[in-house]
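Enquirer: Submitted below is the structure of interest, expressed as C-alpha cells.
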Amino acid sequence: MTTTSRRQFLQGAAAGAAVLSLPQLTFAQSAGVFRIGALNPITGSGSTFGTGMLKAIQAAADVVNAAGGAAGIKFEVISEDTQTSPQAGVLAAKKLLDVNKVQAVFGTWSSGVSLAVVPLTNDANVILMNTSGAPALSVPPANAKGLSFRFQATNDRFGRAFAEVCVKEGFKRPATMAFNNASGIGNADGFKKAWEGKGGKVVAGVVYEPNQTSYRSELQKVLDANPDVIVTGSYLQDTTIIMREWYQSGIPVKWILPGWAGSPDLVKAVTAPVVEGVISVDSVSNSGAESYKLYDAAYQKAMGKPGSSNVYAAMTWDMVITLALAIQSAGKTDTDSIKAHIRAVANPPGEEVFSYEAGLAALKAGKKINYQGASSALDFDEYGDVTPDFGVSFIEGGAINQKYVVKI
Amino acid sequence: MSAYLIAITILTLIYVLLALGLTLQFGLTGLINFGHVGFFAIGAYTSALLTLNGWPVGVGIVAAAVAAMLPALPIGYISLRLRDDYFAIVTLAFSEVVRIVVTNAREWTSGTQGLPGIARLYASLNGAASEWAVLGTILAVTLLAIWMITRIARSPFGRLIQAIRDNEVAVKALGKDPAWFKIQVLAVGAALAGIAGAFYAHYITYIVPDQFVPLVTFYAWMAITLGGASRISGAVVGSAILMVLLEGSRFVHDFLPMISDSAMASVRIGVVGLLLILCIVWRPQGLTGKRGDA
Amino acid sequence: MSLLEIADLRGGYGEVDILNGVSLTLEAGEIVTVAGTNGAGKSTLAKAIVGLLPVVRGVLNFEGQGILGLPPELRMARGIGYVPQVANVFPSLSIVENLQVVGGVANQKARMGELLDAFPALAQRRRARAGSLSGGERQQLAFARALMASPRLMVLDEPTAALSPKMVADAFERIRALPRFGVSVLVVEQRARQSLAVSDRGYILDGGKVAMSGAASALLSDDRAASLYLGRHAGR
Amino acid sequence: MSLDIANITKNFGGMRVLDGVSLSVPTGSLFGLIGPNGAGKSTLFAAISGFQKQETGEVRLDGTRIDALTPHARARAGLVRTFQVPREFGHLTVRENLCAAAPNQTGESLLGLFFRPARVAREEAEIAAEAEEIMQRLRLTQVADQPARLLSGGQKKLLELGRALMLKPRFILLDEPFAGVNPVLIAEIAERIRDLNATGIGFLIIEHDLEALTRLTPYIAVLDRGRIIAEGAPDAVLADVQVREAYLGGAV
Amino acid sequence: MSNFPQLIANGLVQGLFIAMAALAITLAFSIARFPNAATGDVMTAGAYTGLATQSATGSLILAGIVAIFTGAAISLAADRLVFRKLAGRAVVASLVASIGVAFVIRAVLGVTFGLSQLVYDIPLTRAKLYWGVRLTPLDLQVAGAVALALALVFGILHLTPIGRQMRAVADDRDLARVSGVRPERVMLALWMISGGVAGLAGMMLGIKTVVEPELGWSMLLPAFTAAILGGIGSPGGAVAAGLLLGVVQEMSTPFVGFNYKLAIAFAALLGVLLWRPSGLFGKREGVR
C-alpha cells in the first residue's frame, strides 16, 4: 500500500463514509497486480443477471491467475453495484476509479448506466467493457476515445436478427410487444425497420409499462390484429406473466423472444407446455465452442445454474479473457497498449483459440491469435462493437435447443 | 480530496437543494409535497434539452428554475383546496405523471433511451480543476439558497406561512389568501428543485426517466426527517447523513467480506432502513432540532 | 378514607407545568365543583385524574390506593367515569354500540337496558349513529356511556359548555341526581355559580393551585370569590 | 351604513340550515344574535364571512355586495370574524400571532422582502408597537412570548379578538366571545367591546350567555331553525312568546 | 373496435389486488393514523413465505394461512418495535419510519430468498368465456379469496366486540381509553388484521405474477391512490376505489394507449378530489 493513496483517502475520512473503509485492503498497489472494476447490476432491474456477471468475472480472473497471470501480472477484481441506476452507477464508478484505482471497468449492463459511466472512464483513460445495446455508445461523445468495447449486439442488430428469423420461418404477419425501456423499444424498432426494409408489414405494435400485475389488455390488442408471430423486446419478469396470460387465452400464435427473456428460467417459471415451440434468439452463438463449455462449467460451479441462463455472464467472462490476452500480447498494462492489442487478439486473422491457456501458449509462441469467445466470435468493428452471429433456439419439451445460426 | 469524495459532496449538495425546498414547504408551511422529484425532473430535462440545442449552460440552469416553477402554479391552485395528506398524494401523482410524460414524449426526450452527452459545467477545464469548479459553483448556489430561506423564515412572510401551517382557516379570516402564499412557497421550492435538477443533469451528463422515481422524493424527505424538518441546518445535516448512509454502505463490504455480493445489496437497503428507524425513534426532532420541535 | 385524595399534584403536557401543586379531597356521596379563571388548570386537573395527562407527579389516591401509575382504562376499571368537554361520544358508532364498547361491564345487556330506560330519548334512537345526534342527546349519551361501568366517581369536564340555556338546566338536574345512584361527582365548570348551586363543596383554582375552597354555599356568598372568580351577576 | 343580509338559504345534505335569513345591522352598532343549538348561528356567520357558500341570498357591506368575494377578500373589505373554537397559530407566540394579522405588509411579499428591506424593517417596528398596545388592552402582555398553543381557552378567545383588531376592521363578527371565559373577565371583555364600538367598529355577536349579552347589546335577533323569529330590544325580544317557546323552553 | 366488457373484466381483476392492498393501508390508517408505507413489503413477505410453504407442502391453503400469519406477525413486530414508539408524533415521522421498516423487511427477504424471481407452482388453466368475456379460473379464485377476506374483515369490524372497540379507537382514542378499551389489544387486533390482509394480498399477487423483492413496493402507489380515493379510513371505500381504479385504467387504454394509463389513474384521482375533497366515501368536513 503506498502511503499517498492511503493518506489521500484518509483526508476524506471526515466525510464519514471513509471511516467505514479503514480495514480496506483491496486497493493495495503492488507491481504485479492489475485491478479490474466489476461494475454490475447486482440490484435493480438488472439483478437477474448482475451476480452471475460478477461471478463470471471472478471465475475468469481465477483462470487467468491460475495460468500465471497476463504478462506475469495477476488480476484482482473489485466489485461495485450499479443498482441498475445511472446515479448509483456514477458514484460506484467514481469509487472504483478513485478509491480502488481500478485499471479497467467491466460489465455495465443497462445502456443508461453505460452512458453515464463512459465519460468517467474516458476521463480516467480506462477501458470500459459493457453489455449494453444503445447505439449511442458506439460513437462520440460516448466513445470519443475508442476506449469503450461492447460485447453485446446493439438493439438494432437484434432487431435485424429477428427479421431474418421471421423470413426463415415463413412468418407473414408479425406483431411486436416491447417493454418501455431503451432495450425493449430498441429491439422492436430495430425489427420493424428491418422487416419493413424487406417489404413486410408489422400488423400491430404495443409498448407496455413495467411492473404490472397483468398485461392482458396489451396482449389482447396485439392478438386482435391476428398476427402469426409476436416479436418481443421484453424481460424475464414481464415475459413470464405475458406467456401465462397468453396461454390461458388459448389463442394460437408463435413467439420470438430475445434470449435473456426466452431462458431456462422462463421455462421453469411458466412450465414447459406453455412455451413449447417458442423461438429464442440470442447472440451467444458459440454454444458448441470449447470457450463456451469452459464458461458453462465455471458458471455452473459458481451459480449452480447452466451458463445458458445468463448470456451476459458469458460476455463478462470473455471480457476478462480478452483483456488478459491483450495484456499478454502487449506486455504492458497501460491503457493505450491494451486498447491497441484488443483487436489484435480477438479479431481475425490469427489462430483461433478458445481458452486463455491456449491463447497464452500461442502468444508465447509468437503467433497471431483470434480469440473465439464464449458469447460470440468476438470480432470488434471500428466502433468497438461486436457483430455476433445469432443463435436461434426452439423451446422443445422444456429444453432450449439451438437449431441454426443467422448472420446479419 | 479525492474525486470520489468530491462527487459525493456534489450529490450531497444537490440533495441539500432538494431538501431545502422541503424545509420551506413542510417545515415552515406544513405542505406535504411528495412530488418533489417531478420538479427536479423538469429542471433536469429543461436544462439538458436547451444545452443540447446549443444554449449555454447558464441559460439552461436559469430556465430550469423557471420551468420547474411553472407547474407549481396550477398544481398549487388546484390542489391547495385539499387536505394535507391528499395534497401529498396529488403531488406524488404529479411527479409520476411527469415521469410518464418524459418516458413517452419520445420526440422531445428520446424517452427511455435517455439524453446522453449533456454538457458538463466547466468542461473546458481539465478533470480535477473542473470537478473543483463544479463543486464551488454548486456550493455557492446552495449557500445562496440557505441565506434566502433563512431570510424568508425570519420575515413577515415566514411568520405568515408558519401561521398557515398552524391554522389555515384563521389566516383567511385575517384577510390573507393562504393559497397565494402556498403557491409562492411551492414555486420557490420547485425552483430550487429545478436548479438541483439542472446541476444533476450537467453533472451526471446523462438523464433518463428512471432517475426520476419517487424514491428520490423519499430520499429528500429522509434527509429533512433525519436532520430536522423545522430547521434549515436540518436539510444540510440530513442530506449529509443520507449520503453517508447510501455511499457508506458500499464500504460495509470491507468490514464483512463474508457477505455475498447479492446479499450485500439487501444489507445496504437494510442498513439504510434501520438507521432511518433508529434516528426517528431516537431523535424525533432530527439531529439539529431542539426537543419539542417535532 | 376519602373517595378521592389529591395532594400536591403537578404536571402538564410536557413543556411547562399547568398544575402547580393541587390538593383536594372528595368524600363518597359528594358533588364537588372545581371552578377558576381561564388557564387555571381545571380541565387539566380532570385529565390528570382520569389518566389522560402525559406528565403528572404528586399524590393521587382513589379509595385509598395510589392510581397515578395506572393507564386510563385501568382507572376506569377501578370506578372512575369521565365525560369530556367536547368529543364525548363515538360519532361513527350507533347509540347501542357506544354503550357496548365500554369494557369490563358484568351484565352488559341488563345494564344497557337500565340506562336506556333512564334516557328515553336515547332508547328511541338506539340504532342511530351518535354523529347524527343533537347536542343535548349527545350529552345524554355521554353520561350514559360513562355510567355503563357503574362508576363510583364521575369526572365531568364542563358538561354544559356546548348547551343552550334550556339544556343547561337539564344537565345540572342530572348531575344533582347522581349521588342517589351511589355516584360521587367532580365537576369542572365555567358556569361556577350554577354548578356550586348543585354542589356540596367547591374549589377555586388559580394558576394551577387551589386558591379558595369551602362549602358551596360559603363560596357563593363570599365577596372575594365573587369579585375575583365567579363574576357578580347571578346565574340563571 | 349597514351590514345587510338578504334572504340567505343554506342546505347541508337534505337539511335546510338557513331558511331565508334577512337581517340589517347598522355598521356602528352592537348587535346580538341568539338562538338554540343547531339554529344555524355559526352557519350564518360562515355565510356572511364567506367560509361557506350559501344557496341563495345577498350580503352587502355598506351597500356593496360582497357575497361573491372570497373570505379573505371580505376580511380585507373590513368584515372580520372570530371562531367559536379558537383558531390560534399554536407554534407562534402571542406577539407573533398579532403581528401576523397586520394587513398590507411589504414583508409578506417575497419581492418586498428581498428588495425593500428598509421598508420591511420600518413596518415591522410599527406593527410591533400596535401589537404591544393591543396586548396591553387585552391583558395578554404577560404571555406575549409564549407559544399560543399553551394559552387557556379564554386567553385564546382574547387572542382571536386581538388579531381581529390588528386589521382595523369596520365590522367584527364575534362567535361566542364569552364561551369558556371566566365571569370576571367577561365583564372586562364586554367593556373592551363597548370601547371599541365607541371608536366606530360594529359588532355582531353570537353568545349563549344571555345575561352578559343582553347587558352588552342594546339590540338582539333570535334565530330558530334557520329563521329570524324576533328582533329588537332584549327585554322585548325575551318576552316574546315564540322566543320563550323556542329558546328557553317556556321555563325561565 | 375495442372489447369493453373484456377491458372491464381485466380492470376488475387488476383492481382486486389494488383493493386488497388499499384495504390493508386504510385499516391501519384508521387507527394508527398514518399511511403505512411498509404495507407493500409486508405483501412481499407474504408472497415469499406462502411460496416457501407451498413448495414445501404443496398445499395452497396452508400457504395462504402462512402468508396471513407472516403478514400479521411482521406488522405486529413493526408496531411493537417502531410505530408504538412514535404514537403521538407527527404523521410524517411514522410515514418515514414505515419506509425504513419497508427497507428492513426487503433486506431480510433479499438475504433469505435471494433477488431472482420465483414463481408459485400453479397449474395453468385455459380461460373460459363468460358472456363473451374471457376469464381464467384463477381470476375467479382470486376474486373469491378477496371477497372472503373482505367479508371476514367487515364481519370482525361490525359483529365482534374487538371490532367495535377498533371502530371506537378509530373515532376517538382517548375517549375509548376512558371507556375501558385497552389500546394494546386493539392495536394487536388491528395489526393482525391489516398485516393478514396484506400478507394474503401479497400471496395472491405472487400467484398472479412473479415473486420478486419489489413485488409489493411497486403496488404501493396505486394502493395509496385507492385508499385516498375511497376516503382514507373507509374500508369499503378503499375496496370500491381499488376496483374502480383498475377499471378506469384499462378502459382508458383504447383512448390514450397503454403508456399513459397510470397517468389516467392519477387524473381520475385529481378529478374526484376536486369534486369531493374527502374522497368518494369519506366524510365531508366543514368549517365551523
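Enquirer: Tell me, yes or no, whether the range C:107-130 has at least one residue that is among the small types (Gly, Ala, Ser), away from chain D (no Cβ under 14 Å) and touching a Pro at 6+ places or on another chain (Cβ under 9 Å).
Expert: Yes, because at least one residue in the range C:107-130 is among the small types (Gly, Ala, Ser), away from chain D (no Cβ under 14 Å) and touching a Pro at 6+ places or on another chain (Cβ under 9 Å).
Enquirer: When the residues of the range B:133-144 are filtered to those that are open to solvent by 30 Å² or more (accessible area, probe 1.4 Å) and in contact with a helix residue (DSSP H, G or I) (Cβ under 7 Å, 6 or more places away or on another chain), which remaining residue is farthest from the other protein chains (Cβ to nearest Cβ)?
Expert: B:141
Enquirer: Okay, next question. Look at the range A:184-194 and say how many of its residues are open to solvent by less than 20 Å² (accessible area, probe 1.4 Å) and of a type outside the set (A, V, I, L, M).
Expert: 5
Enquirer: Also, quick follow-up: For the range B:22-40, give me each residue that is within 13 Å of another protein chain (Cβ to nearest Cβ) and part of a helix (DSSP H, G or I).
Expert: Within the range B:22-40, B:22, B:23, B:24, B:25, B:26, B:27, B:28, B:37, B:38, B:40 meet the criteria.
Enquirer: Could you tell me whether any residue of the range A:183-197 is within 14 Å of chain E (Cβ to nearest Cβ) and of a type outside the set (Val, Ile, Thr)?
Expert: Yes, because at least one residue in the range A:183-197 is within 14 Å of chain E (Cβ to nearest Cβ) and of a type outside the set (Val, Ile, Thr).
Enquirer: Which ones in the range A:263-290 are within 21 Å of residue A:408 (Cα to Cα), modelled with pLDDT of 90 or more and out of contact with any Ser or Thr (no Cβ under 6 Å at 6 or more places or on another chain)?
Expert: A:279, A:281
Enquirer: Just a yes or no: is a residue in the range C:110-129 touching a residue at least 60 places away in the same chain (Cβ under 8 Å) and not in a loop (DSSP other than H, G, I, E, B)? Spell out how you get there, then give the answer.
Expert: In the first step, residues of the range C:110-129 are kept if they are touching a residue at least 60 places away in the same chain (Cβ under 8 Å); the result is none.
Taking every residue of the range C:110-129 in turn, none turns out to be touching a residue at least 60 places away in the same chain (Cβ under 8 Å) and not in a loop (DSSP other than H, G, I, E, B).
Enquirer: Under 7 Å by Cβ, and 6 or more places apart or on different chains, what pairs join a residue from the range D:23-42 that is hydroxyl-bearing (Ser, Thr, Tyr) with one that is surrounded by fewer than 23 Cβ atoms within 10 Å (Cβ to Cβ) and in a strand (DSSP E or B)?
Expert: Short answer, once both residue conditions are applied: D:24/D:2; D:24/D:4; D:27/D:2; D:29/D:219.
Enquirer: Also, quick follow-up: Quick one: how many residues across the range C:184-203 are assigned to a loop (DSSP other than H, G, I, E, B) and open to solvent by less than 10 Å² (accessible area, probe 1.4 Å)?
Expert: Residues of the range C:184-203 assigned to a loop (DSSP other than H, G, I, E, B): C:189-191, C:198-200.
If we keep only those that are open to solvent by less than 10 Å² (accessible area, probe 1.4 Å) too, we end up with C:189.
Total satisfying the criteria: 1.
Enquirer: Can you confirm whether the range D:198-214 contains a residue that is over 27 Å from residue D:126 (Cα atoms), away from chain C (no Cβ under 11 Å) and open to solvent by 10 Å² or more (accessible area, probe 1.4 Å)?
Expert: So far as the range D:198-214 goes, no, none of its residues is over 27 Å from residue D:126 (Cα atoms), away from chain C (no Cβ under 11 Å) and open to solvent by 10 Å² or more (accessible area, probe 1.4 Å).
Enquirer: Only one of these conditions is not met by residue B:117: (1) in contact (Cβ under 8 Å) with a residue 40 or more places away in the chain; (2) away from chain D (no Cβ under 14 Å); (3) outside any loop (DSSP other than H, G, I, E, B). Which number is it?
Expert: Status for residue B:117: all satisfied but (3).
Per-residue answers, yes or no, for (1) among the hydrophobic types (A, V, I, L, M, F, W, C); (2) under 18 Å from residue A:280 (Cα atoms); (3) out of contact with any helix residue (DSSP H, G or I) (no Cβ under 8 Å at 6 or more places or on another chain):
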position	(1), (2), (3)
A:118	yes, no, no
A:129	yes, no, no
A:135	no, no, no
A:150	no, no, no
A:180	no, no, no
A:191	yes, yes, no
A:205	no, no, no
A:220	no, no, no
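Enquirer: If you take the residues of the range A:101-120 that are in contact with a strand residue (DSSP E or B) (Cβ under 6 Å, 6 or more places away or on another chain) and more than 15 Å from residue A:40 (Cβ to Cβ), which of them is nearest to the other protein chains (Cβ to nearest Cβ)?
Expert: Applying the first criterion (in contact with a strand residue (DSSP E or B) (Cβ under 6 Å, 6 or more places away or on another chain)) to the range A:101-120 yields A:102-108, A:114, A:117-118.
Within this subset, residues satisfying the condition of being more than 15 Å from residue A:40 (Cβ to Cβ) are A:103, A:118.
On the way: A:103: 16, A:118: 8 Å.
Only one residue fits best here, namely A:118.
Enquirer: For the structure I just gave you, tell me whether residue B:211 is at the interface with another protein chain (Cβ under 8 Å from one of its Cβ atoms) and at pLDDT 90 or above.
Expert: Here the answer is no, as residue B:211 does not meet what is asked.
Enquirer: Looking at (1) within 9 Å of another protein chain (Cβ to nearest Cβ); (2) open to solvent by 40 Å² or more (accessible area, probe 1.4 Å); (3) within 26 Å of residue E:44 (Cβ to Cβ); (4) at pLDDT 90 or above, which one does residue E:105 not meet, given that it meets all the others?
Expert: Only one criterion in (1) within 9 Å of another protein chain (Cβ to nearest Cβ); (2) open to solvent by 40 Å² or more (accessible area, probe 1.4 Å); (3) within 26 Å of residue E:44 (Cβ to Cβ); (4) at pLDDT 90 or above is unmet by residue E:105, namely (2).
Enquirer: Consider the range A:38-56. How many of its residues are open to solvent by 10 Å² or more (accessible area, probe 1.4 Å), modelled with pLDDT of 85 or more and part of a loop (DSSP other than H, G, I, E, B)?
Expert: 0
Enquirer: In the range D:43-157, which helices (runs of 4 or more DSSP H) lie fully inside it and hold 1 or more residues that are of a type outside the set (Asp, Glu) and closer than 25 Å to residue D:28 by Cβ? Before the answer, list the steps.
Expert: Details: elements: D:71-76, D:94-101, D:110-115, D:117-137.
Filter on the range D:43-157 gives D:71-76, D:94-101, D:117-137.
Enquirer: Condition first: open to solvent by 30 Å² or more (accessible area, probe 1.4 Å), at positive phi and within 13 Å of chain C (Cβ to nearest Cβ). Now tell me which residues in the range D:133-179 satisfy that. Write out each step before concluding.
Expert: To start, the set of residues in the range D:133-179 that are open to solvent by 30 Å² or more (accessible area, probe 1.4 Å) comprises D:133, D:136-137, D:139, D:141-142, D:145-147, D:149-150, D:153, D:155-156, D:168, D:170, D:179.
If we keep only those that are at positive phi as well, we get D:139, D:168.
Across the range D:133-179, the qualifying residue is only D:139.
Enquirer: Related question: For residues in the range D:29-81 being polar (S, T, N, Q) and within 14 Å of chain B (Cβ to nearest Cβ), which is nearest to residue D:225 (Cα to Cα)? Working first, answer last.
Expert: In the first step, residues of the range D:29-81 are kept if they are polar (S, T, N, Q); the result is D:29, D:37, D:42-43, D:49, D:52, D:54, D:56, D:64, D:70.
Right, trim to within 14 Å of chain B (Cβ to nearest Cβ) and you get D:42, D:49, D:52, D:70.
On the way: D:42: 12, D:49: 20, D:52: 18, D:70: 26 Å.
The extreme case among them is D:42.
Conditions tested, residue by residue: (1) more than 7 Å from every other protein chain (Cβ to nearest Cβ); (2) in contact (Cβ under 8 Å) with a residue 60 or more places away in the chain.
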| residue | (1), (2) |
| --- | --- |
| E:113 | yes, yes |
| E:128 | yes, no |
| E:140 | yes, no |
| E:149 | yes, yes |
| E:159 | yes, no |
| E:164 | no, no |
| E:169 | yes, yes |
| E:179 | no, no |
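Enquirer: Being open to solvent by less than 10 Å² (accessible area, probe 1.4 Å) and out of contact with any strand residue (DSSP E or B) (no Cβ under 9 Å at 6 or more places or on another chain) narrows it down to one of E:195, E:155, so name that one.
Expert: Working: E:155 fails: open to solvent by less than 10 Å² (accessible area, probe 1.4 Å).
None of the others qualify; the one that does is E:195.
Enquirer: Another one. Any idea which of C:46, C:35 is open to solvent by less than 20 Å² (accessible area, probe 1.4 Å) and touching a helix residue (DSSP H, G or I) at 6+ places or on another chain (Cβ under 8 Å)?
Expert: C:35
Enquirer: Here is a list of conditions, (1) within 14 Å of chain C (Cβ to nearest Cβ); (2) touching a residue at least 24 places away in the same chain (Cβ under 8 Å), and residue D:130 meets all of them except one; can you say which number that is?
Expert: Among (1) within 14 Å of chain C (Cβ to nearest Cβ); (2) touching a residue at least 24 places away in the same chain (Cβ under 8 Å), residue D:130 violates only (1).
Enquirer: Within the range C:81-101, does at least one residue satisfy the condition of being free of Cβ contacts under 8 Å to residues at least 24 places away in the same chain, touching a helix residue (DSSP H, G or I) at 6+ places or on another chain (Cβ under 9 Å) and more than 10 Å from chain E (Cβ to nearest Cβ)?
Expert: For the range C:81-101, residues free of Cβ contacts under 8 Å to residues at least 24 places away in the same chain, touching a helix residue (DSSP H, G or I) at 6+ places or on another chain (Cβ under 9 Å) and more than 10 Å from chain E (Cβ to nearest Cβ): absent.
Enquirer: If only one of B:93, B:64 is touching a residue at least 40 places away in the same chain (Cβ under 8 Å), open to solvent by less than 10 Å² (accessible area, probe 1.4 Å) and within 11 Å of chain E (Cβ to nearest Cβ), which one is it?
Expert: Every option except B:93 fails the conditions.
Enquirer: Going through the range C:172-186 one residue at a time, which ones are within 13 Å of chain D (Cβ to nearest Cβ) and over 20 Å from residue D:244 (Cβ atoms)?
Expert: Those that are within 13 Å of chain D (Cβ to nearest Cβ) and over 20 Å from residue D:244 (Cβ atoms): none in the range C:172-186.
Enquirer: I'd like to check which helices (runs of 4 or more DSSP H) are fully inside the range B:145-223 and have at least 3 residues that are within 26 Å of residue B:48 (Cα to Cα), open to solvent by less than 10 Å² (accessible area, probe 1.4 Å) and touching a residue at least 12 places away in the same chain (Cβ under 8 Å). Steps first, answer last, please.
Expert: Numbers: elements: B:156-166, B:168-173, B:178-204.
Qualifying helices (runs of 4 or more DSSP H): B:178-204.
The values are calculated or read from the model by the stated rules, or taken from the named source; none is laboratory data. Please read all numbers here as calculations on a predicted model, not as lab measurements. All Cβ positions, even for glycine, are placed from backbone atoms using ideal geometry, and neighbour counts span all protein chains on display. For accessibility, only protein heavy atoms count, side chains too; no ligands or nucleic acids. Shrake-Rupley method; radii C 1.70, N 1.55, O 1.52, S 1.80 Å.
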